[in-house]
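The structure appears below as structure tokens.
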Amino acid sequence: MDLQLTGKVAVVSGSTAGIGLAIATTLAQEGAAVIVNGRTEARVNAAIDQIKQKSPDVKLQGLAADLGTADGANALFHKVPEVDILVNNLGIYGAKAFSEISDDEWLKFLEVNVISGVRLSRHYLPKMMQKNWGRIIFISSESAVNIPAEMIHYGVTKTAQISLARGLAETTVGTNVTVNSVLPGPTRSEGVEEFIQGLAAEQNIPPEQVEKEFFEKTRPSSLIQRFATTEEVAALVAFVASPLSSATNGAALRVDGGVVRSIV
């Protein structure tokens, strides 16, 4: 299927690893010119090299900037004043008991996971509206619905992203601009892979058994009973970013392997 992304310009925040890297790769392979973002030149260059090893002819630019800060966002706006597609993927997470999460940690999670998307959307959305075409996508999480007790601050920010996306979508009535959120479930990113390998070595069992027990005990509601690949998440994001998704607006789209049991 041709997603009709040739000639489109896309920014993917936090795209040097994991889901962000997979999204940048997929959009580039579909013909978009993609700005790859990370906090250091080394990470950005390594990501670009990785993408080009798979697809040498793709169009890529790099931006080393912390888009969780106002200065980082301004650096992006200076380099790339307008885009067709904005993927707000940048995010942080970490397990911590609620009683031990300080005000500063709450503010850090909100700034990186929510306000970064506010800043970028506030800049790019009006320009999309002027052109009467654009896509903004927030990479949320099934944790927005199933708030994890071990990292409530993370779950709250993921819920906020869904509300933000829906609110922005309400401002696009009657246009060819859409704003949606995508909710991945447990996904086999680099961090998850390290977690699995570490537990396997610690317990002296195969990594496959660690994954099996994780879904039996921790995520028993999963229908696929495995970690999704980053490419599977990226495939949905690429469709939502394309002209083919023109009737999808204001939606919270799950690619969670069926972990969330509710049907609405």
A correct Karplus calculation of ³J(HN,Hα) over segment 251-264, with 6.51 cos²θ - 1.76 cosθ + 1.60, θ = phi - 60°, whole Hz and x for Gly and Pro, returns 9, 10, 9, 8, 10, 10, x, x, 4, 7, 7, 5, 9, 10
For residue 2, placing the label point 7 angstrom along Cα-to-beta-carbon and taking segment 44-70, residues whose amide nitrogen sits under 15 Å are none
Distance in nm between residue 106 and residue 225 label points, each 7 Å along Cα→Cβ, equals 4.1 nm
Largest fluctuation, 210, 44, 36 only, Gaussian network model of the chain with Cα springs under 10 angstrom, belongs to 210
Sorted largest first, the Cα spans of the chain on the principal axes come out in Å as 55, 39, 37
Any residue on another chain or 5+ positions along whose placed amide H is under 5 Å from the amide H of residue 35 is listed here as 10, 11, 12, 61
When 143, 221 are ranked with the fewest other C-beta atoms within 10 Å first, the list becomes 221, 143
Taking Lys and Arg as +1 and Asp and Glu as -1, residues besides residue 26 with C-beta under 12 Å from its C-beta add up to -2
For residue 254, the residues 5 or more places away or on another chain with a placed amide H closer than 5 Å to its own amide H are 183
Rounded to the nearest 500, the 222 nm mean residue ellipticity computed for the chain from DSSP H runs (n ≥ 4, each -39500 (n - 2.57)) alone is -14000 deg cm²/dmol
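Taken together, the values in this text are just the output of simple stated rules run on the coordinates, not laboratory data. Note that the structure is predicted; figures quoted are calculated from it, not measured. With ideal geometry, Cβ positions are generated from the backbone for all residues, glycine too; neighbour counts draw on all protein chains shown.
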